[in-house]
């Protein structure tokens, strides 16, 4: 078919047997070609026509690939074209996982009356935040993906444009659900179901996309807002490695695809809509792979499914980074500091992450490769947890810092050290590039540090549902690099696109505590009663 601007969009229809009736349709638009993302075919046996399309500028479609910027318009044109097909029954649903899911979310960047429902898996409606985490560029995700997306030749130019638009410029406007460049959420007019992953590359962006959509739709159509559901599994894009971690039940999850099929069919009286909640979370506990036989035999709290209608009310609980590497619930009063020397020619490695490629191992990992380095600052609680402590919601860190350089990065990792000499494993993490986090910086204009000056920076560590078990010990790691997950900061204060033209500067970075300025990690602690087991989820 041809878009309204004359661009050819290669489209394949798979029609249910006997192919002579009228059927609801599910559309999946992909950059990968016809043999990779075939999620729509799941619905054909249930009586749906699958519309498989190569995105603009990809595989055999014409035009130039543009990072989903025209996907809303192309989706509208495709659906309008399909309304004239003999099998069209008046219902079209949008669907996609990963890049296809980002395309499906972009379908609402303009009003689209054809969409009757949407299914999003491991995707986001916030482009800038997904490329730049706290201002730090997710190089191993974005550049790696775009530079190897051989089915879309223009992706190489898009990679350069992403680097050139480090600031929150208007270039990002078509890739944002809402914000200073407009509110596309007002166009959402159909039920939705979403699946995210706690260790997925788009975790927080997908949660934010879902929560913002529900909030927007609730203002005008509460009945429609009630027909929106979010599921979060342990892995997401990390699913290929989940078997290594030993989590039970995640691979056999049946209710998500079952619910999406029932939603597309309009069968909202099915029991799944009664026993599932608006939010359905896998509550993580100790990773089975790292547990000792004694701990497995004794039983743990966690690694089960829970459901609820709203995020549970949490108590923000600060763990302060004090002298002697001690993390404490009590704010230290004596001044203290801990310093590291960050050399961009020897960056601290990243292991255990919300990543896509094996160059940075995804999921919960033993932090030994980081802990043994001199450029990692480490704090631990004096005693292990005496009782199970649940953390559900968005985690953050507040650091009081200084640097000898005009720019540098700070990364914070929340850890769980297992009992009886067990490993230290990442729970959540996040980062901040300082030139985007000084008092004079805005999302649109960076402002470098003054060497030696003291700054307070907030680090977004994304969300989790995790239970620290008795005998496990909380810890915090602070570094100034996570290589190759994030672009290595040369500390020269230049924009990302120009950094290679400047010098590599060794930075002496300091984290303060106590009277010198507090540094702490804030955990959203909830009672276990707020996250009960849902025994019905299959």
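Since every read-out is calculated from the coordinates, none of them should be taken as a lab result. The structure presented is a predicted model; accordingly, all values stated were derived computationally and were not measured. Cβ atoms come from the backbone with ideal geometry, glycine included; neighbour counts cover every protein chain shown.
Size of the range 169-300: Rg and Dmax of its alpha carbons, in Å, are 17.8, 56. Stretching residue 273 away from residue 150 to a fully extended chain increases their span by 40.2 nm, per 0.36 nm per residue minus the current alpha-carbon distance. Anisotropy class assigned to the range 256-333 is oblate, per the alpha carbon gyration tensor with a/c at or over the 1.5 cut-off and a/b no larger than b/c. Relative contact order for the range 119-226 using alpha-carbon pairs under 8 Å, separation at least 6, rounded to a whole percent? After rounding, I find 38 percent.
Each stretch of four or more DSSP H residues adds -39500 (n - 2.57); spread over every residue of the chain, this sum gives -5000 deg cm²/dmol at 222 nm. Expressed as a fraction of 2.2 N^0.38 Å, the value expected for a compact globular protein of N residues, the C-alpha radius of gyration of the range 315-530 is 1.00. Taking the C-alpha atoms only, the angle from helix 255-265 to the longest principal axis of the chain is near 30 degrees. Measuring nothing but how far apart in sequence close Cα pairs (under 8 Å, 6+ apart) lie, relative to its length, the range 315-530 scores a relative contact order of 36 percent.
Quick check: the distance between the Cα centres of the range 347-397 and the range 261-328, to the nearest angstrom? For the range 347-397 versus the range 261-328, the Cα centre distance is 18 Å. Can you give me the Cα centroid spacing of the range 1-70 and the range 101-143 in angstrom? Cα centroid of the range 1-70 versus Cα centroid of the range 101-143: 18 Å apart.
Considering only alpha-carbon pairs that sit under 8 angstrom and 6 or more positions apart, the relative contact order computed for the chain is 15 percent.
Note on the range 506-538 and the range 432-496: Cα centroid distance 15 Å, given to the nearest whole angstrom. Any idea what angle helix 155-164 forms with the longest principal axis of the chain, computed on alpha-carbon atoms, 0 to 90 degrees, nearest 10? Once rounded, one gets 40 degrees. Taking 37 °C and 0.692 mPa s as the conditions, I'd like the Stokes-Einstein D for the range 1-74 in µm²/s, using the Kirkwood hydrodynamic radius from alpha carbon pairs. Roughly 256 µm²/s, to the nearest whole number.
Highest mean packing first, where packing is the average number of other Cβ atoms within 10 Å per residue, the peptides 124-134, 2-12, 290-300 line up as 124-134, 2-12, 290-300. Principal semi-axes of the equivalent ellipsoid, √(5λ) from the alpha carbon gyration tensor of the chain, are 40, 29, 19 Å from largest down.
On C-alpha positions alone, give me the angle between the axis of helix 71-82 and the longest principal axis of the chain, in degrees, nearest 10. Approximately 20 degrees, to the nearest 10.
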